[in-house]
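Derivation of every value follows stated rules applied to the coordinates shown; laboratory data play no part. These numbers come from a predicted model, not from an experiment. Here Cβ is always computed from backbone atoms with ideal geometry, including for glycine, and neighbour counts include all displayed protein chains.
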Amino acid sequence: MSKIPVWMDCDTGTDDAVAIMLASYLDELDLLGISTACGNTIQENAYWNTHRINRLIGTNYPVYRGAEKPLIVPLVTGAHIHGENGLGDVDLPLPEHPVVQKESAWDALYACAKAHPHALRLVATAPLTNIAIAFTKYPELPALLHSVNLMGGSAGVGNITPAAEYNMYVDPQAADIVFRSGAKIYMFGLDVTLQACLSMEDVDELEASGKPAGIFTKACLMHSWPVLSKFGETGFCMHDSCPVMYLAYPELFEGEEAGVVVETRGTITNGKTVTDIYSDKQFPFSNAMVMLKLDRERFISILKTAIMNV
Ligand code: RIB
Ligand code: CA
């Protein structure tokens, strides 16, 4: 069985780092490149953090630098969760000889999609700035991709505001471009990713494995614990692993085709992904498969195995 060609766009960030570990572990996937976005942290950190994760897990994924800021709005980082350096303020070493690619994120993504026509799965685990730039510069790209698995949005609650999920909120204009692009979108929003949480016992198990990736994962996630526990959270949601896991284990997820529109002019609701799933008033189009349910037990079991064996 040939491997599934994959491209990731990450704002490496703690759960982005875990998603890269998962992608590396899953034999079904062939991760061809990682582009970096600003979001959880500034671009400079997201870019070099991705190199750091390459070193941690012994991979050499090519890393391509993306946009320094969102399309229109000022950058709002996630330092309260991901730390100032984006990796929970854990000090991970850089590779001795990191390869600095000259191509931009959007040019490299397009070149990869052309090399794998209608087969490349784009996994977006960050604000969608780079993807929007790529789709605008190369209008044929949405149809050239097999699909876009994006972590973002929600049919229900927000997490950065009561209305909006973080990735959509950070760059609403970019999200609007992507949802209008005609690409085949699988949306892994908070409706499903809030089910994908590692418990404190799970992260203790990762640390107790003595494996570098397990030790790092607990250490970087613990930075967020004071904030999460204040909100009454009981674990660490591995949001970004959901769109990756789906590629190898789609049976763990259930969703519904729906119309999704991004609010770009709201004050209270800016960045909200408005879906018609729970409404008797339907949009006259359906532009995404919105994931709603997860087999958490199997998800967490596979994810822990991946982190401890990557
Ligand atoms: O809302 C969760 C998303 O925001 C995840 O991608 C996390 O990494 C942050 O970017
Ligand atoms: Ca992310």
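Here are a few things to note about the model shown:
- Karplus 3J(HN,Hα) series, Hz, for the stretch 66-72 with 6.51 cos²θ - 1.76 cosθ + 1.60 (x for Gly, Pro): x, 5, 7, 7, x, 4, 10
- Taking every DSSP bridge with both residues inside the chain, close to 35 percent are antiparallel.
- Built amide H within the under 5 Å cut-off of C38, gap 5+: A67
- 3J(HN,Hα) from dihedral phi, the stretch 11-28, Karplus parametrisation 6.51/-1.76/1.60, rounded to Hz, x for glycine, proline: 10, 4, x, 5, 7, 5, 4, 5, 5, 5, 4, 4, 4, 5, 6, 6, 5, 5
- Segment R180-T161, extension gain: residue separation times 0.36 nm, minus the distance between their alpha carbons: 4.5 nm
- 3J(HN,Hα) along the stretch 50-61: 5, 4, 4, 5, 3, 5, 4, 9, x, 10, 10, 4 Hz, from the Karplus curve 6.51 cos²θ - 1.76 cosθ + 1.60 with θ = phi - 60°, whole Hz, x for Gly and Pro.
- Alpha carbon centroid spacing (whole Å) that separates the stretch 78-117 from the stretch 238-310: 23
- Ordering of 2-8, 223-229 by packing is 2-8, 223-229, highest average first (other Cβ atoms within 10 Å, averaged per residue).
- Backbone N under 17 Å from the I268 label point (7 Å along Cα→Cβ), restricted to the stretch 124-168: 156-165
- Taking label positions 7 Å along the Cα-Cβ direction at both A79 and T234, the computed distance is 3.3 nm, reported to one decimal.
- Residue order, fewest to most beta carbons within 10 Å, for V170, V99, V178: V99, V178, V170
- If you wrap the tightest convex hull around every Cα atom of the chain and split its volume per residue, you get 124 Å³.
- Reach of K137 by Cα under 16 Å, taken over aspartates and glutamates that are not fewer than 8 positions away in the same chain: E103, D107, D176
- Over 27 Å between alpha carbons, listed pairs K184/K293; K3/K304; K184/K272; K114/K281: K114/K281
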